Structures are given as C-alpha cells and as structure tokens.
Amino acid sequence: MSGREDTDPFDYLFKIVVIGDSTVGKTNLLSRYAWNEFNLDSRSTIGVELATKWLRELRSHVSDDVIVMLVGNKTDLRHLREVSSEEAAEYAGTYDNNMTFIETSALDCSNVEQAFRQCIHEIYTKVTNNGAVSSDILQSSTLPALTVQPTDSNKKSCCSS
Ligand SMILES: Nc1nc2c(ncn2[C@@H]2O[C@H](COP(=O)(O)OP(=O)(O)OP(=O)(O)O)[C@@H](O)[C@H]2O)c(=O)[nH]1
Ligand SMILES: [Mg+2]
C-alpha cells in the first residue's frame, strides 16, 4: 500500500483482549497460540479483572463493532465438563449475545490456532466491510487471502516437538 513505511511489516494491527474467570486458561491460550508454550503451573495474571458479569461489562464499554467470541477452554478435561457444547453454543447464539463459540484446549492444542484465526478473520471481514481498507482492495472482486503472521517467527506449529 502506498505511504507505508518499509520497516512496517503489517497491513493491519488488531487487538484481541482475552477475558474471563481466573484459571480458565487465558494466559495459556495466548502462550500456546503465540509461542506454542503451555505451563501446567502458571501463575495468576495480575491485571485487568473483569471476571464478574464480564460480558455485560464488555458490551457496555465497547462499540457494537467489536467482535466477541466465546471460548470454552480445557476440553481435554472431559470428565469435569459442567456446560455442554450445545448449551454454550445456544447461549452464544442468542440475539443479545451474538457471539461465535468455539471450544479449545491449550493443553492438547485443540482449536487454539483456529480460535485466534477465526477471531482475526471476523475482525478483518468486519473492517473490510466497513470500508476501512483502501479502495484498490475494495474494488477487486475477491478479497486477498488473509495471512496471519505468528508473533514469533520461530514459532513451532502447535504441539510439534
Ligand atoms: N487441563 C488443562 N489445563 C489448562 C488448560 N489451560 C490452562 N490450564 C491450566 O489451568 C491453570 C490456569 O491457567 P492460566 O492460563 O494461568 O489461567 P488464567 O485464565 O490466565 O488465570 P488468571 O491469570 O488467574 O486470570 C494452569 O494450571 C494451567 O496449566 C487446558 O486447556 N487444559
Ligand atoms: Mg492469566
């Protein structure tokens, strides 16, 4: 794109905020996606605390444009499941909530890459549909393929040795 600095490798910069109750696996989801790392004994993150009624809080503080995805983590702990996939999907899909739903395991890598890719893709689609891209992209009949660069160029693929 014209005017872009040679040193800037990005066309877009999207911010993803991971919120939820303590110990649900937010830090490990991020570290699994970004560095393919998992920590069985991770320390609690000291920072933003949005655990209580987080969805209502989130909706009241952000614009309607924000993409929200409901992630059910720790699917590897099958025997401890408390909410069925169907129940969660139904909750996510209600008109008021209007969220994509996905289940993941940061431990065994299930759907981690897919969750972030889907989220990024939804943001990208929304941004481009809102006309926030240059007209040369909008004028093409098909949008260019979306390439998601890993945070770390040395990142291994999920669960590879
Ligand atoms: N079995 C299993 N354990 C997980 C998974 N994800 C995280 N854990 C474990 O759950 C615990 C908490 O994980 P964290 O990623 O620190 O949780 P968090 O949501 O960041 O917690 P806070 O920082 O306190 O809000 C750690 O012992 C992790 O090893 C998962 O997918 N499966
Ligand atoms: Mg954390």
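Looking at this structure, is residue 66 under 19 Å from residue 124 (Cα atoms), under 15 Å from the mean Cα position of the chain (by Cα) and modelled with pLDDT under 90?
The answer is yes for residue 66.
In the stretch 23-44, how many are over 20 Å from residue 116 (Cα atoms) and either modelled with pLDDT of 90 or more or in contact with a Ser or Thr (Cβ under 7 Å, 6 or more places away or on another chain) (or both)?
4
Considering only residues of the stretch 11-30 that are touching a residue at least 60 places away in the same chain (Cβ under 8 Å) and on the phi < 0 side of the Ramachandran plot, which is farthest from ligand 1 (Cβ to nearest atom)? Explain how you work it out, then say what you get.
Step one: filter the stretch 11-30 for residues touching a residue at least 60 places away in the same chain (Cβ under 8 Å), giving 12, 14, 16, 25, 28-29.
Now restrict to residues that are on the phi < 0 side of the Ramachandran plot: 12, 14, 16, 28-29.
Values: 12: 26, 14: 21, 16: 14, 28: 4, 29: 7 Å.
It comes out as 12.
Any residue at all in the stretch 87-102 that's farther than 25 Å from residue 59 by Cβ and either at pLDDT below 95 or surrounded by 12 or more Cβ atoms within 10 Å (Cβ to Cβ) (or both)?
Our first condition is that a residue be farther than 25 Å from residue 59 by Cβ; within the stretch 87-102, this holds for none.
No, that holds for no residue.
The values are calculated or read from the model by the stated rules, or taken from the named source; none is laboratory data. Please read these numbers as outputs of a predicted model, since none were measured by experiment. Heads up, the Cβs are rebuilt from the backbone with ideal geometry, glycines too, and the neighbour counts pull from every protein chain shown.
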